[in-house]
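Everything on this sheet refers to the single structure shown next.
The values are calculated or read from the model by the stated rules, or taken from the named source; none is laboratory data. The model shown is predicted, which means the values in this text are computed figures rather than measured ones. Positions of Cβ are generated from backbone atoms using ideal geometry, with glycine treated the same way; all protein chains shown enter the neighbour counts.
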Amino acid sequence: MIDRITSRLALLGATAAFVVGLSTAAMAETYTKEHLAAARNAIAAAKVTEGFDEILIGIAAQTKQALVRRAPAASTQIEEVTNAVALELAPKRAELNQQVQEVWAGRFTKEELDEIAKFYGSPVGQKFTKEIPAIGQALGMAAQVWQKKIGDEMLTKVRAEMKKRGVDL
């Protein structure tokens, strides 16, 4: 349970950083309905916002945890009120969708978005979407192994050079 909350909070943090990083130029731009529709289709096909539904759940869990620490005797009420507020705020999820669509529309033409949607709608695009988390995990592990190897090599070489200079590390 804690791992689930932690991963949701990590997603929340990454999402918050993403939203904060949105360029004001892209947000100020107006796009045609067709351009935004193409962005929406590409985003849906690429499943970009799939994990965003977990954000509100993470915020609610974080809120409950913080408030229950302050008033443990009111935990049942805190749970009830937080859940009610989360349901009240759920429709605001559309705001994030709109921001994501504007970011994509700002980065790609309508035609490019149509091509992206076409790719992700294809069998290879669907396979790519399914495999990318495992690929990302494998790449992360490879990078960690490489980092340790290079770090060890660097330390060995620096120590050897420092020893030549009369400093034993």
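Say whether the condition of being out of contact with any His (no Cβ under 7 Å at 6 or more places or on another chain) and not in a helix (DSSP H, G or I) is met by at least one residue in segment 107-116.
Within segment 107-116 (the criterion being out of contact with any His (no Cβ under 7 Å at 6 or more places or on another chain) and not in a helix (DSSP H, G or I)), the answer is yes, since at least one residue qualifies.
Sort out which residues of segment 150-169 are among the acidic types (Asp, Glu) and under 37 Å from the mean Cα position of the chain (by Cα), and write them in order of number. First the steps, then the outcome.
We begin by selecting, within segment 150-169, every residue among the acidic types (Asp, Glu); these are 152-153, 161, 168.
Hits for segment 150-169 are Asp152, Glu153.
What's the total number of residues in segment 54-73 that are under 13 Å from Val85 (Cβ atoms) and free of Cβ contacts under 8 Å to residues at least 24 places away in the same chain?
Matching residues across segment 54-73 total 3.
Starting from segment 113-129, take each residue that is over 21 Å from Tyr31 (Cα atoms) and list its partners that are of a type in the set (Asp, Glu) and modelled with pLDDT under 95, counting only C-beta distances under 8 angstrom and pairs at least six apart or across chains.
none
Ile78 passes all but one of (1) surrounded by 11 or more Cβ atoms within 10 Å (Cβ to Cβ); (2) closer than 30 Å to Thr30 by Cα; (3) at pLDDT 95 or above; which number fails?
That leaves (2) as the condition not met.
Taking segment 141-169 as the region of interest, how many residues are under 22 Å from Gly51 (Cβ atoms) and surrounded by fewer than 10 Cβ atoms within 10 Å (Cβ to Cβ)?
Residues in segment 141-169 being under 22 Å from Gly51 (Cβ atoms) and surrounded by fewer than 10 Cβ atoms within 10 Å (Cβ to Cβ): 0 in total.
Any residue in segment 147-160 that is touching a residue at least 60 places away in the same chain (Cβ under 8 Å) and either part of a helix (DSSP H, G or I) or under 29 Å from Ala37 (Cα atoms) (or both)?
Just the residues of segment 147-160 that are touching a residue at least 60 places away in the same chain (Cβ under 8 Å), to begin with: none.
Within segment 147-160, none of the residues are touching a residue at least 60 places away in the same chain (Cβ under 8 Å) and either part of a helix (DSSP H, G or I) or under 29 Å from Ala37 (Cα atoms) (or both).
So Val48 passes all but one of these: (1) in contact with a Lys or Arg (Cβ under 7 Å, 6 or more places away or on another chain); (2) not in a helix (DSSP H, G or I). Which condition number does it fail?
The single condition Val48 does not satisfy is (1).
Do we find that Thr109 is under 19 Å from Ala39 (Cβ atoms), surrounded by 11 or more Cβ atoms within 10 Å (Cβ to Cβ) and not assigned by TED's automatic domain parsing to the domain that holds Arg40 in this structure? Step through it out loud before you land on a result.
On the way: under 19 Å from Ala39 (Cβ atoms): yes; surrounded by 11 or more Cβ atoms within 10 Å (Cβ to Cβ): yes; not assigned by TED's automatic domain parsing to the domain that holds Arg40: no.
Against the criterion (under 19 Å from Ala39 (Cβ atoms), surrounded by 11 or more Cβ atoms within 10 Å (Cβ to Cβ) and not assigned by TED's automatic domain parsing to the domain that holds Arg40), Thr109 does not qualify.
Among the residues of segment 144-162, are any under 30 Å from Thr30 (Cα atoms) and of a type in the set (Asp, Glu)? Before the answer, list the steps.
Filtering segment 144-162 for residues under 30 Å from Thr30 (Cα atoms) gives none.
So far as segment 144-162 goes, no, none of its residues is under 30 Å from Thr30 (Cα atoms) and of a type in the set (Asp, Glu).
Inspect segment 22-35 for any residue being modelled with pLDDT of 95 or more, closer than 14 Å to Ala105 by Cβ and surrounded by 14 or more Cβ atoms within 10 Å (Cβ to Cβ) and give the result as yes or no.
Yes: one or more hits.
Output yes when any residue across segment 117-130 is modelled with pLDDT under 95, surrounded by fewer than 14 Cβ atoms within 10 Å (Cβ to Cβ), out of contact with any strand residue (DSSP E or B) (no Cβ under 7 Å at 6 or more places or on another chain) and not assigned by TED's automatic domain parsing to the domain that holds Ala39, and no when none is.
yes
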